[in-house]
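All remarks here apply to the structure that follows.
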2 protein chains.
Amino acid sequence: MTYQDDPFKANFDSLEEFADRISDLLQCPITIEDANHRLIAYSAHDDYTDPARTATIISRRVPEKVINSLWKKGVIPALLSSMEPVRVETISEVGLGNRVAVSIWKNNEVIGFIWALEADRTLSKDDMELLKKAAKAAKNKVLQLYMRKNKREERVQEFFWKLLTGHITANEEIKENFAMMQIPTAPLFSVLIFRFASDITNDIEKQISYILQTTQQIHVLLYTVDRHDFILLAAPKSTLQPLHELNQFIISFGTKMKERFHVNSIKSSFGGIYETYEHIEKSYKEALTVLAIKEKFPEQTSTIYSYQQLGIYQFFDLLLEKKRQGEFINSSLLKLQAYDEKHHTNLVETFEVFFDHDSNVNETAKALNIHANTLSYRLKRIAEIGEINLHDINQKVKLYIDIKLAKYEALH
Amino acid sequence: MTYQDDPFKANFDSLEEFADRISDLLQCPITIEDANHRLIAYSAHDDYTDPARTATIISRRVPEKVINSLWKKGVIPALLSSMEPVRVETISEVGLGNRVAVSIWKNNEVIGFIWALEADRTLSKDDMELLKKAAKAAKNKVLQLYMRKNKREERVQEFFWKLLTGHITANEEIKENFAMMQIPTAPLFSVLIFRFASDITNDIEKQISYILQTTQQIHVLLYTVDRHDFILLAAPKSTLQPLHELNQFIISFGTKMKERFHVNSIKSSFGGIYETYEHIEKSYKEALTVLAIKEKFPEQTSTIYSYQQLGIYQFFDLLLEKKRQGEFINSSLLKLQAYDEKHHTNLVETFEVFFDHDSNVNETAKALNIHANTLSYRLKRIAEIGEINLHDINQKVKLYIDIKLAKYEALH
DNA sequence: CCTCATTTTGTGGATTTCCACAAAATTAAT
DNA sequence: ATTAATTTTGTGGAAATCCACAAAATGAGG
């Protein structure tokens with residue numbers, strides 16, 4: 001089979017036309033994606049496509065499990081590091097048939113991919129060369145999309161910041177803007193923050209953006225960057241367990257950043273989950289509060305990401321203020337502290353850990369490295385010395401809060 | 001034995017002299033008390049006195065257990081209702097030997113008592129008559145004491161109000177006043193309030209004052225009346241378990257008011273227990289807070305009298321304010337409430353009662369009149385529907401507080 | 001160093017909790 | 001009225017908690 005020198009020198013009106021042209025030449029279905037695996041174009045009239053391609057076209061993006069599996073097999077890393085086409089063997093778990101892929105480059109950066117599904121025939125060496133040429137030819141078309149998107153991005157960013165800082169409060173106005181910028185609406189949303197150890201570089205931003213675009217756990221409505229913080233407005237897919245979904249997303253995001261880009265130590269949080277847009281600022285502030293509290297209680301809050309789950313820590317700032325004014329003097333706590341001080345005991349810590357572990361004897365004993373009976377003896381002493389009834393949940397909760405508050409205050 | 005018509009017509013310099021005179025005439029030890037069983041005078045040179053009299057003289061007041069027992073035997077009620085002498089048989093439990101008592105009257109009011117201990121001899125009918133005359137003769141002397149005390153009282157009252165309202169804040173100044181008015185000092189003190197169903201009449205005030213003067217559970221430093229409220233500054237006897245002592249006092253005060261004067265439905269409270277006088281106003285405010293909270297949570301706080309033991313309710317006003325501003329939206333609670341509403345279930349109440357009962361399965365089941373397994377089933381549902389981890393004490397406490405807060409808000 | 005009070009660890013048994021499973025009762029919806 | 005889902009109650013056994021008692025370890029003070 002022979003082709004003319006550059007079969008793509010003709011001008012194409014659209015990328016669809018371009019995809020059809022490649023498909024004609026190679027005799028196999030073609031899909032073109034951007035750097036974030038969103039579908040840009042695909043060839044029509046194909047007889048056979050595998051489930052992965054079908055799903056990609058339907059949802060206009062590559063299914064996340066497919067992306068995950070391509071990362072694990074090393075396909076995407078290969079495409080990101082070289083301009084050469086890569087062949088992918090069938091991965092039946094995710095419905096992926098044999099295919100060949102090549103990356104589209106602009107300077108030193110990958111801005112998209114072309115996939116050729118080996119439906120009826122296997123591509124030859126020449127075919128591969130052709131694909132490579134196609135990738136080069138696609139560059140400008142893809143770039144145009146990219147630039148157009150960037151311009152839109154800027155306007156959207158500005159809008160997002162206005163929302164975060166409460167500069168737009170009228171619900172009508174917010175809705176208008178959402179519609180104008182073609183941001184999808186959602187019944188529930190929350191503001192998420194990923195806080196990095198250092199300022200977020202363009203490079204990192206792209207990596208994050210990549211993961212966000214490819215994830216399908218949540219809907220990303222808006223995002224922006226503020227020094228260490230990557231801030232996004234996200235919507236859970238279902239309204240049934242929004243908390244759980246956002247939590248899962250945050251965890252998997254952390255894992256992916258670590259696995260794929262070796263970015264460690266990201267602190268994540270999200271604020272309240274709300275229905276109306278006026279609450280975006282509130283949700284953002286709450287997400288910031290979560291990070292602040294996590295800073296101060298790293299152990300207790302290590303598995304907490306949401307404002308919801310902050311629980312009693314939600315009102316610690318408020319209580320601390322009052323405490324500073326001399327309120328809430330807890331004589332039980334004072335007595336226990338005095339006793340600990342004088343006799344080098346650990347009554348306060350014992351109570352705190354016991355409560356932390358939901359009053360579970362075994363767990364607490366293990367956590368404190370003491371015998372269960374030692375714990376029970378200490379609890380008896382705590383009741384005596386602190387003049388506190390250990391069956392009175394009210395007194396216990398107050399003591400617990402006061403202990404935490406004292407710690408919080410110490411860290412001011 | 002015969003006496004001249006009025007053996008007491010001579011003028012006596014002091015009540016001590018007067019007591020000696022009676023003692024001479026009746027040939028037995030004499031003690032004179034005011035209406036509150038404080039020792040006013042006693043005859044000297046007596047050979048025999050019983051333990052009760054000794055204790056009275058030493059502590060300058062009749063021991064409380066003796067007063068209690070005299071009430072129970074009906075002696076004091078008899079003395080309060082008639083001018084006739086009353087004979088008291090030995091009450092060995094409290095070290096009281098045989099004796100005769102008579103009350104001292106001014107108009108329709110008892111202002112004191114004279115006690116004649118039948119040490120060597122039993123008083124005859126004539127002796128009793130003599131005692132009655134002595135009581136009449138004592139009237140003016142006792143009254144003088146009474147009046148002098150009243151004048152002092154007024155100044156003291158004014159001072160107390162200044163303390164309660166924070167109009168004297170300098171510790172030095174407070175100390176000076178305490179010394180000047182001969183109010184005993186104490187290392188620890190608290191402000192107590194007894195709130196009556198209606199305004200406190202002079203009559204009730206006297207009854208209260210009587211109980212306060214005769215109690216020896218605590219030291220009463222100052223007291224005053226404000227409409228429904230009887231307010232006092234009290235000091236616990238020991239510094240070890242001040243909370244417990246004040247609690248005990250409040251309970252026994254209520255019992256006595258009920259038993260002796262049939263005064264029901266007193267609401268009592270006390271504020272923080274402090275060391276420095278500047279905190280009197282604070283303690284007073286706290287005592288008022290306790291009463292306010294008891295008003296709103298009668299069941300939960302029925303056994304609570306102190307600000308200390310208010311526990312989490314201490315900061316409910318604070319939290320309520322924030323809640324009104326839209327903070328602390330607890331989606332778990334919202335979901336549970338919605339579920340309850342829709343399916344006519346009791347998940348919120350179940351959780352609340354369970355927590356109220358210190359997470360004790362049996363007690364809770366009993367309180368709710370359900371099977372223990374029903375409770376466990378409901379808890380499982382609560383965890384599911386509320387998206388809450390029942391082993392996470394933080395989430396649980398938050399939910400609990402939010403439930404109580406919602407109730408509190410409902411009662412605004 | 002010794003002594004005494006306090007704290008820790010150990011043992012065993014009564015009691016309670018937890019959990020899985022199943023049957024009965026109740027409720028909502030067609 | 002029938003069905004299906006949810007809720008309540010019951011049973012039994014494993015696991016955990018509680019409690020009393022005792023022996024060992026620790027530590028402060030004379």
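The values are calculated or read from the model by the stated rules, or taken from the named source; none is laboratory data. Just so we're clear, the structure is a prediction, and the values are computed from it rather than from any experiment. Positions of Cβ are backbone-derived with ideal geometry, glycine not excepted, and every protein chain shown enters the neighbour counts. With ligands, DNA and RNA removed, areas are computed over all heavy atoms of the protein, side chains included. Shrake-Rupley method; radii C 1.70, N 1.55, O 1.52, S 1.80 Å.
With its label point put 7 Å out from Cα toward Cβ, A:Glu363 sits 2.0 nm from the same residue's point in the other copies, in order from shortest. Taking all protein chains as shown and a probe of 1.4 angstrom, B:His371 keeps an accessible surface of around 120 Å². At the listed q of 0.08, 0.10 Å⁻¹, the Debye profile of the protein assembly as shown, built from one uniform point per Cα, gives log10 I(q)/I(0) equal to -0.86, -1.10. Averaging Cα coordinates gives a centre for the range A:3-59 and one for the range B:337-412; these two points are 58 Å apart.
For the range A:173-217, the set of chymotrypsin sites (Phe, Trp or Tyr not before Pro) satisfying both a DSSP loop assignment and a count of at most 11 other C-beta atoms within 10 Å is empty. Calculate how steeply helix A:280-296 sits against the longest principal axis of the alpha-carbon atoms of chain A, using the helix alpha-carbon long axis, and give the answer as 0 to 90 degrees to the nearest 10. Roughly 60 degrees between the two axes.
Figure note: A:Asp24, B:Asp199 ranked by solvent-accessible area, largest first, 1.4 Å probe, ligands and nucleic acids not counted: A:Asp24, B:Asp199. What total accessible surface area, summed over both chains, is buried at the interface between chains A and B, computed with a 1.4 Å probe and given in Å² to the nearest 100? Adding both sides of the contact gives about 3400 Å². At a Förster distance of 60 Å, what's the computed FRET efficiency of A:Met83 paired with A:Ala406, Cβ-Cβ distance as r, to 0.05? Computed FRET efficiency for A:Met83 and A:Ala406 comes out at 0.45.
Remark on the range B:328-410: ratio of C-alpha radius of gyration to 2.2 N^0.38 Å is 1.00. The convex hull around the C-alpha trace of the range A:165-311, projected and averaged over every direction, spans 8.7 square nanometres. In this simple spin-label model, placing a label point 7 Å from the Cα along the Cα-to-Cβ direction at both A:Asn171 and A:Asn150 gives a separation of 3.9 nm.
Taking the longest Cα principal axis of chain A as reference, the axis of helix A:372-385 is set at about 50 degrees. Under a model in which nothing but the beta-carbon of Lys, Arg (+1) and Asp, Glu (-1) is charged, the range A:165-311 shows a dipole of about 480 debye around its Cα centre.
Over the range A:328-410, calculate the relative contact order: mean separation of alpha carbon pairs under 8 Å at least 6 apart, over the residue count, as a percent. Relative contact order comes out at 35 percent. Neighbouring Cβ atoms from other chains, within 10 Å of the Cβ of residues in B:382-395, number 4 on average. Ranking of A:Leu334, A:Leu240 by solvent-accessible surface, largest first: A:Leu240, A:Leu334 (1.4 Å probe, protein heavy atoms only, all chains present). Shown for the range B:101-151 is the translational diffusion coefficient from the Stokes-Einstein equation, using the Kirkwood radius over Cα pairs, a temperature of 25 °C and a viscosity of 0.890 mPa s: 206 µm²/s.
Karplus-derived 3J(HN,Hα) values for the range A:237-247, using 6.51 cos²θ - 1.76 cosθ + 1.60 with θ = phi - 60°, are 6, 10, 9, 7, 10, x, 4, 4, 5, 5, 4 Hz; glycine and proline are entered as x. For the range A:15-148, averaging the sequence separation of C-alpha pairs within contact (under 8 Å, six or more residues apart) and dividing by the residue count gives a relative contact order of 25 percent. Cβ-Cβ distance of B:Asn369 and A:Glu341, R₀ of 45 Å, FRET efficiency by 1/(1 + (r/R0)^6): the value works out to about 0.40. The simple Förster model, with R0 at 41 Å and r as the Cβ-Cβ distance, assigns A:Lys380 and A:Lys285 a FRET efficiency of 0.40. Placing unit charges on the Cβ atoms only, positive for Lys and Arg and negative for Asp and Glu, gives chain B a dipole magnitude near 580 debye about its Cα centre.
Rolling a 1.4 Å probe over the heavy atoms of the protein chains gives chain A an accessible area of 48 Å² per residue. The ratio of the alpha-carbon radius of gyration of the range B:15-148 to the globular-protein estimate 2.2 N^0.38 Å is 0.94.
Remark: the range B:328-410 carries a charge dipole of roughly 140 debye about the Cα centre, counting +1 on each Lys and Arg Cβ and -1 on each Asp and Glu Cβ. Geometric descriptor of the range B:139-216, per residue, is 138 Å³ (volume of the convex hull of the Cα atoms).
In nanometers and ordered shortest first, the copy-to-copy spacing of the B:Gly326 label point, defined 7 Å from Cα toward Cβ, is 3.6. Model label points for B:Glu129 and B:Glu205, set 7 angstrom from Cα along the Cα-to-Cβ axis, are 4.1 nm apart.
For the residues A:Lys267, B:Lys285, a 1.4 Å probe over the protein chains yields an accessible-area ranking, largest first, of B:Lys285, A:Lys267. Cα-based radius of gyration for chain B, normalised by 2.2 N^0.38 Å, reads 1.30. Which distance in Å, rounded to a whole number, links the C-alpha centroids of the range A:160-226 and the range A:280-311? After rounding, the separation between the Cα centres reads 19 Å. Within the shell defined by Cβ-Cβ distances under 12 Å, the residues around B:His391 carry a net charge of -3, with Lys and Arg each +1 and Asp and Glu each -1. Relative to the longest principal axis of the Cα atoms of chain B, helix B:171-180 runs at roughly 30 degrees.
Across chain B, the relative contact order, built from alpha-carbon pairs under 8 Å that are at least six residues apart, equals 10 percent. Note on the protein assembly as shown: with neighbouring protein chains present and a 1.4 Å probe, carbon and sulfur make up 49 percent of its accessible heavy-atom surface. Treating the range B:266-412 as a set of equal point scatterers at the Cα positions, no solvent, please give the Debye-formula log₁₀ I(q)/I(0) at q = 0.17, 0.19 Å⁻¹. Treating every Cα as an identical point scatterer, log10 I(q)/I(0) equals -1.02, -1.18.
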